[in-house]
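Have a look at the structure below before the remarks.
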Amino acid sequence: MTDLDYQVIVGLEIHVQLCTKTKLFCGCALEFAAEPNSRVCPVCLGMPGVLPVMNRLAYEYSVLAALALNCQIAEFTKWDRKSYYYPDLPKNFQTSQYDLPLSYDGFIEIPLETGQSKRIRIIRCHLEEDAGKNLHTSGSHSQVDLNRTGTPLLEIVTEPDMNTAAEVKALAAELQRIVRYVGVSEADMQKGHMRFEPNINLAITKDGKAYRTPITEVKNLNSFRAVERSVEYEIQRQLDEFLEHGTTLEMGNKTTRGWDDDRQMTVLQREKEEAHDYRYFPEPDLLPVKMNETWLADIRSRMCELPLQKQQRFVQTYELSDYDAGVLTADRATAEFFDEAVKAGGSAKRVCNLLTQIGLKMANDKGVSLVDLGVSCEAVANLANMVDRGDVNASASTTIFEHMVTTGKAPAGLAEELNLVQKSDSSELEAIVKKILSDNAQAVEEAKSGSKKAKKAQGFLLGQVMQQTQGQANPRVVSQILGDLLRS
Amino acid sequence: MSEKIDEVQVRKVAKLSRLDLTDTEIKEFTGQLEAILEYVDKMNQLDTEGVEPMAHCLPISNCLREDTVTDSLGADAILANAPQRDGDFFKVPRILDDNSGA
Ligand SMILES: [Zn+2]
């Protein structure tokens, strides 16, 4: 029996596409699915004599994202050429940042299943350009579309602080939430706006001795699921490899693997020996950027309350569950809508229920966001109050919400119009209850008996009242009256 | 200070740069590069203690442009210099392993 224990070690490199209108160094439009090679100019092609000029907004977006990731912002930053040859890279180098990135030394708090959060350190964030796209046709050639060349990418590199596949996925999702909140990226996975490259290995203790498995990097993952699954797969693969062949870090270099989504496995990628000899050197065609206090303050002023802070505030201030707070803060507009509805006087719990159980479902069915349903936060607050006061019951609130969306009318009017107002007036209800009691002597006797049948009989009487009032009596008030009368 | 450049290094750099050089060229460039590096070596004699490394030869910074769309050239102009095209795409020899991506 061997004594085996291991810890998973994962660091992430993430590329986030910034949502500027134009490319990083030229005015070519960034447009998803445009006609091939229709958004290309001599700068994109790297023609001799062209001069790239940095997009101010792309730089500011990068700084804003870096601030949201608690990074230090460099006072002086420059760009470098990373040389490699590939058909999708017309300049034969990628303009990136090597030794002086625009930001460094940050961290991101990721929410864990337990409701706690974990801090993952960030080594650096830098701004670089994307390459074009190769399309592999079935024939003996490949097609190249250069529309994507020069697209601004924020590259974020974390320390290897993640220890489970779930943590890696949580970081990916939290980063998506953050960059969307601060408005620097649409972070649409389907459009390849976020790409992940986990670096994975294991620290193994076997029979009291410590080992490390060789690091593998999984390239270009563009879904949360693929990120999580590839890490899970690598953990098992490296463990098996170690147990079967005793492969450790010292025995080989870092390898690169790709994710095969059909087979749900990572596959070793063939790499040329000199692939990592990028021969970085300073980009002579771009000028360095110096950050100053005024400019930084201006960028800082565009910062908003970040998603995890919001989520934690919703839990602490409004006493929502962590789950509900997570649902409401998934996107910034929904979270702000909720906040506004509460400010407009709705109770937090009721507004939360209305939004998570009705509003978000309707929005989802219609394929729009909650704020685009055409319902104001005041109207939601009013509806919440109507439910809390007992003017309408929970199921009626669904109907009213639906009509608010289709008609744009106020909830109070709709409740009247749809005949959904509950009777809560005790004297009126008391008369009805008294009548029901006198008509059902046997049930009253059973209800008063304290026997097993009592509860059932009381339920029957309540049902009679509801029937009599065509379901419009407030069941809470009726129960109260019923209980009082039966005890008297 | 610096080691002398030899033919092995020149061949490696040529390979990295996808240059197909003849033996005569290798010899010629090795000599030229050696001369250049010897000259650079001279600069190492300067005392640069406490001098900030220079990131750019121009003493200016923050040359930025606004995020405003300008016209692209259009696929036909873009593909005009391409050895081969396939519709509006560049046509290149089949790429086997995709290690591309930033
Ligand atoms: Zn361009």
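The values are calculated or read from the model by the stated rules, or taken from the named source; none is laboratory data. Remember, it's a predicted structure, so these values are computed and weren't measured experimentally. Every residue, glycine as well, gets a Cβ built from its backbone with ideal geometry; the counts of neighbours run over all protein chains shown. Keep in mind that these areas ignore ligands, DNA and RNA; they rest on the heavy atoms of the full protein, side chains included. Shrake-Rupley method; radii C 1.70, N 1.55, O 1.52, S 1.80 Å.
Tabulated data for the structure shown
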read-out: All positions within the range A:46-55 that are crowded, with 16+ Cβ neighbours inside 10 Å and either away from the ligand (no atom under 12 Å from the Cβ) or within 7 Å of another protein chain (Cβ to nearest Cβ) (or both); value: A:Val53, A:Met54, A:Asn55
read-out: Scope the range A:138-187; condition closer than 25 Å to A:Glu228 by Cα and within 16 Å of the ligand (Cβ to nearest atom); matching residues; value: A:Leu153
read-out: From A:Glu109, A:Glu113, residue being in a loop (DSSP other than H, G, I, E, B), charged (D, E, K, R) and more than 16 Å from the ligand (Cβ to nearest atom); value: A:Glu113
read-out: Identity of the residue in the range A:281-314, away from chain B (no Cβ under 13 Å) and in a loop (DSSP other than H, G, I, E, B), that ends up surrounded by the most Cβ atoms within 10 Å (Cβ to Cβ); value: A:Leu306
read-out: Output for the range B:72-98, where each listed residue is more than 8 Å from chain A (Cβ to nearest Cβ) and charged (D, E, K, R); value: B:Asp76, B:Arg85
read-out: Qualifying residue in the range A:214-231 (condition: more than 33 Å from the chain's Cα centre (by Cα) and either within 12 Å of chain B (Cβ to nearest Cβ) or polar (S, T, N, Q) (or both)); value: no
read-out: Top-ranked residue in the range A:16-44 [being open to solvent by 20 Å² or more (accessible area, probe 1.4 Å) and within 8 Å of the ligand (Cβ to nearest atom); ranked as farthest from the other protein chains (Cβ to nearest Cβ)]; value: A:Val43
read-out: Test result for B:Val92, part of a strand (DSSP E or B) and more than 30 Å from A:Met291 (Cβ to Cβ); value: yes
read-out: The range A:179-205 - residue that is surrounded by fewer than 23 Cβ atoms within 10 Å (Cβ to Cβ) and β-branched (Val, Ile, Thr) and, of those, farthest from the chain's Cα centre (by Cα); value: A:Thr205
read-out: Test: residue in the range A:143-154 that is more than 29 Å from the chain's Cα centre (by Cα), within 14 Å of chain B (Cβ to nearest Cβ), without any contact (Cβ under 8 Å) to a residue 24 or more places away in the chain and assigned to a loop (DSSP other than H, G, I, E, B); value: no
read-out: Of all residues in the range A:130-142 being assigned to a strand (DSSP E or B) and either open to solvent by 10 Å² or more (accessible area, probe 1.4 Å) or in contact with a helix residue (DSSP H, G or I) (Cβ under 6 Å, 6 or more places away or on another chain) (or both), the one that is farthest from the other protein chains (Cβ to nearest Cβ); value: A:Lys133
read-out: Looking only at the range B:42-89, and only at residues there that are of a type in the set (A, V, I, L, M, F, W, C) and not in a loop (DSSP other than H, G, I, E, B), the one that is surrounded by the fewest Cβ atoms within 10 Å (Cβ to Cβ); value: B:Met43
read-out: For A:Gly413: the one exception among (1) at pLDDT 90 or above; (2) more than 32 Å from the chain's Cα centre (by Cα); (3) surrounded by 15 or more Cβ atoms within 10 Å (Cβ to Cβ); value: (3)
read-out: Tally of residues being free of Cβ contacts under 8 Å to residues at least 40 places away in the same chain, among the small types (Gly, Ala, Ser) and surrounded by 20 or more Cβ atoms within 10 Å (Cβ to Cβ) across the range A:349-406; value: 2
read-out: The lone exception for A:Asn92 - which of (1) closer than 25 Å to A:Glu159 by Cα; (2) more than 16 Å from the ligand (Cβ to nearest atom) it fails; value: (1)
